[in-house]
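Structure record follows, encoded as structure tokens.
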Amino acid sequence: MRHTISILVENHFGVLSRISGLFSGRGFNIDSLSVAETIDAGISRMTIVTRGNDQVIEQITKQLNKLVDVIKVVDHTEGEFVSRELALIKVNAEEKNRDEILRITDIFRGKVVDVSPQTYTIEVTGTQDKIEGFINMIRPLGIKEIARTGRVAMSRGMKSLKN
Amino acid sequence: MKMSGSKILIESLRKEGVDTIFGYPGGALIPIYDVLYGEESIRHILVRHEQGAVHAADGYARSTGKAGVCLVTSGPGATNTVTGIATAYMDSIPMIIITGQVNTNMIGNDAFQEADIVGITRPCTKYSYLVKRTEDIAQTVKEAFYIATTGKPGPVLIDIPKDVTTGTAKFSYPESVSIRSYNPTYKGHVGQVKKAVDAMAKATKPLIFIGGGIIASDAAGQLKKFTDQVNIPVVSSLMGLGGFPGDNELFLGMCGMHGTYHANMAMTHTDLLIAIGVRFDDRVTGNISKFAPNAKIIHIDIDPTSISKNVPADIPIVGDASDIIKNMNEVLKKVDCNWKGMYKKWLEEIGDWKRSNPLHYKQGKTTIKPQYVIEQIYEMTKGKSVIVATEVGQNQMWTAQFFPFLEPRTFLTSGGLGTMGYGLPAAIGAQVAFPNKLVFDIAGDGSIQMNIQELATAVQHKLPVKVIILNNGYLGMVRQWQEFFFDKRYSHTDMQAQPDFVKLAEAYGALGLRATKVSEVNDVLKKAIEATIPVVVDVRVDREENVYPMVPAGGAINEMLLA
Ligand SMILES: Cc1ncc(C[n+]2csc(CCOP(=O)(O)OP(=O)(O)O)c2C)c(N)n1
Ligand SMILES: [Mg+2]
């Protein structure tokens, strides 16, 4: 099962390597990992997408909690959180394809953020499914490069991840 | 008033009550060593290899319960500590490792004697610091001791660049410390404690299984009160030995791969396993799918990650073992149960197992059996305060089986990592802490050669440790596996090419003794016990003696080879 885990950590030297080292050292998967500061510059927030059976996920959350720099860990429950990802995709924009690219971008509410005689760079945000849908549509037209942020997530409603 | 970083460091250690540092100087440490020059309140033990410093600090920590401290230089000094740190980490031993580092502006430039020791040791430390400013030293030391000694203890590394030690800052030592991301749970959940006692009232074959957590939380006293009330038998992991009196009727000995027959049978037949401060290591469980098949499991541990990691717990209780057992003792009294007599039949069943297959060996007239030597050490030191360290291999297992440890913190052994070369420096660390106790290292001829250089440390600092080498001329434990499972193909385990240990001891300025026949054992042990300088006793034992019982790897623990 895929799980999305949000983690608040002290913004200390080496904290990222402690967390990634925990995953690699214990053979846990990381599908994606994103990290940035929160409003409190001393605290960073990470979102990790991982896979495993219940026992593995329980170990992952316990092991994360055990790290001295980890303030809080939440394993988001299916259906009770929103998640988004952002992708930048550079596509071949030959004359004959340009209209088609713009039409698909429009359908997915994407944005062209950079243009050159041969390329468009498109920004799309959304759930992972949406981004994968967009990539599948655009692929036949020739993707030159792709950069994805990995998932960020937040609980729905009143719940919040406070330290 | 401003002070140098070096001075601040040493003052901070004094504030933490540090009386001993195990160390080895080098370029990056010269300013710190300058402060130690003539310093009287902190004793510095100069080792002969940095691995020795860490194991000695470890032995000091295990025997006293206080954090051990070691001090080593940058680069090779730091990398030499890795095995020692990993050893302490696996066994949850509180320790502070201070490593010198190149100047801050050189870090990352592959400078002379630079090693990223924080990076190298990240997976085997509880936490680590690279101190970047002189004014951060005091706070860092305060936090480091707090982290190392609280919750599940462990080694904490402090890496200090040379310019941070020569810089100056105002010194004020923090009174207290709190770390928002680090809050270990000590108090056990009251509801869970009640559930545990209810389960005990329903059980017919309960068994207590203790590990290193009993010793780390100083819970031996509470445990004894507990068993005095309920008469439940006790088995121990290697790490738990000494946590319950080894000569008590209720004690069944060590369980697991080289556990006693009755301990492993009890484990297999219990209907309620009360596991305290254990992590269900594979050396204990054997084939996990056949482990304690009928048991409901109560698991008490301060570390939530060890609960339901290998063996699912029915009643998990996270917290400090001593505190939780104390709670159980109180709750027990309120339950109307004939605790003392309830499990009589179960104790009889265990007694039958014990009589059918006790630990055994046959001491003939000439060739010395290693088990006999260990029993003699026990007999000849009865009533005295004794600490026993071991190396790793058969020597370690025989010690665990044949030396009844009566008190916590008297048995020092590398359980989790199984580090050969641990015993001698660990014994030195314990002897520093307890100058008046008899401190032994029960060694193998292979292991002792891994840190034999520390004999010089023992001689220099007048530490009369007693190294008893059970010399079989083999890497015995590996040879045993080769005998059992590889058709006696003794590939590279014959180690008869060895120094003359008696002459070697003498060369170091220690006393060297040898026994080759049974009749000589008592005499050399007597001399060793009476010696006031370090002693090495070369005991030539039966070369191909094996450790029994043995659970073959992957087997269930009730399927033991008994002879
Ligand atoms: C540093 C290290 N290297 C290798 C091993 C693997 N090993 C475990 S026991 C053993 C044999 C130890 O021989 P010795 O010290 O003579 O003890 P004996 O088993 O003969 O009592 C070896 C090589 C180890 N545990 N530690
Ligand atoms: Mg040997």
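The values are calculated or read from the model by the stated rules, or taken from the named source; none is laboratory data. These figures come from a predicted structure and were not determined experimentally. Cβ coordinates were reconstructed from backbone atoms using ideal geometry, including for glycine residues, and neighbour counts include every protein chain displayed. Just the protein is used for accessible areas: all its heavy atoms, side chains included, with ligands, DNA and RNA removed. Shrake-Rupley method; radii C 1.70, N 1.55, O 1.52, S 1.80 Å.
Here are some notes:
- Where strands (runs of 3 or more DSSP E) fall entirely within region B:378-497, those with at least 2 residues that are within 11 Å of ligand 1 (Cβ to nearest atom) and under 18 Å from B:GLU544 (Cβ atoms) are at B:466-471.
- Any hit, region B:460-467, residues being within 15 Å of ligand 2 (Cβ to nearest atom) and closer than 24 Å to B:LEU412 by Cα: yes
- Scanning region B:468-498 for residues that are away from ligand 2 (no atom under 13 Å from the Cβ) and either touching a residue at least 24 places away in the same chain (Cβ under 8 Å) or not assigned by TED's automatic domain parsing to the domain that holds B:VAL432 (or both) returns B:GLU483, B:PHE484, B:PHE485.
- Consider region B:91-129 and keep the residues that are hydroxyl-bearing (Ser, Thr, Tyr) and free of Cβ contacts under 8 Å to residues at least 60 places away in the same chain. The one that is nearest to the other protein chains (Cβ to nearest Cβ) is B:TYR127.
- Residue within region B:335-342 that is in contact with a helix residue (DSSP H, G or I) (Cβ under 8 Å, 6 or more places away or on another chain), away from chain A (no Cβ under 14 Å) and in a helix (DSSP H, G or I) present: no
- The sole residue among B:ASN329, B:ASN294 that is assigned by TED's automatic domain parsing to the domain that holds B:THR260 and more than 19 Å from B:ILE215 (Cβ to Cβ) is B:ASN294.
- Scanning region A:47-87 for residues that are hydrophobic (A, V, I, L, M, F, W, C), within 13 Å of another protein chain (Cβ to nearest Cβ) and assigned to a strand (DSSP E or B) yields a total of 3.
- Once region A:1-14 is narrowed to residues that are buried (at least 17 other Cβ atoms within 10 Å of the Cβ) and at the interface with chain B (Cβ under 10 Å from one of its Cβ atoms), the residue that is farthest from A:HIS76 (Cα to Cα) is A:GLU10.
- Checking A:ALA41 against (1) more than 9 Å from chain B (Cβ to nearest Cβ); (2) in contact with a helix residue (DSSP H, G or I) (Cβ under 6 Å, 6 or more places away or on another chain), the condition it does not meet: (2)
- Checked against the criterion of being open to solvent by 50 Å² or more (accessible area, probe 1.4 Å) and at pLDDT 95 or above, the candidates B:PRO404, B:PRO370, B:PRO358 yield just one match: B:PRO358.
- Whichever residue in region B:509-536 is acidic (Asp, Glu) and open to solvent by less than 90 Å² (accessible area, probe 1.4 Å) and, among such residues, is farthest from B:VAL386 (Cα to Cα): B:GLU520
- Screening B:VAL82 with (1) touching a residue at least 40 places away in the same chain (Cβ under 8 Å); (2) more than 14 Å from chain A (Cβ to nearest Cβ); (3) within 16 Å of ligand 1 (Cβ to nearest atom); (4) crowded, with 20+ Cβ neighbours inside 10 Å gives one miss only, at (4).
- Qualifying position, being closer than 27 Å to B:ALA57 by Cα, more than 16 Å from ligand 2 (Cβ to nearest atom) and surrounded by fewer than 17 Cβ atoms within 10 Å (Cβ to Cβ), among B:GLU506, B:GLU454: B:GLU506
- The number of residues in region A:23-41 that are touching a strand residue (DSSP E or B) at 6+ places or on another chain (Cβ under 8 Å) and either open to solvent by less than 30 Å² (accessible area, probe 1.4 Å) or of a type in the set (Ser, Thr, Tyr) (or both) comes to 4.
- Segments classed as helices (runs of 4 or more DSSP H), wholly inside region B:1-71, with at least 1 members that are open to solvent by 50 Å² or more (accessible area, probe 1.4 Å) and either in the same structural domain as B:ALA115 (by TED's automatic domain parsing) or in contact (Cβ under 8 Å) with a residue 40 or more places away in the chain (or both): B:5-15, B:30-36
- Criterion violated by B:LYS362 - all others in (1) free of Cβ contacts under 8 Å to residues at least 12 places away in the same chain; (2) closer than 30 Å to B:ASN546 by Cβ; (3) not in a loop (DSSP other than H, G, I, E, B) satisfied: (3)
- Flag if A:GLU123 is over 16 Å from A:LEU102 (Cα atoms) and either open to solvent by 20 Å² or more (accessible area, probe 1.4 Å) or within 14 Å of another protein chain (Cβ to nearest Cβ) (or both): no
- Residue under evaluation B:PHE280, criteria (1) free of Cβ contacts under 8 Å to residues at least 40 places away in the same chain; (2) open to solvent by 10 Å² or more (accessible area, probe 1.4 Å); (3) in contact with a Lys or Arg (Cβ under 8 Å, 6 or more places away or on another chain), criterion not met: (2)
- Hey, B:LYS142 within 12 Å of another protein chain (Cβ to nearest Cβ), among the charged types (D, E, K, R), surrounded by 17 or more Cβ atoms within 10 Å (Cβ to Cβ) and touching a residue at least 24 places away in the same chain (Cβ under 8 Å) or not: no
- Residues of region B:17-73 that are more than 30 Å from B:LEU241 (Cβ to Cβ) and acidic (Asp, Glu): B:ASP34, B:GLU39, B:GLU40.
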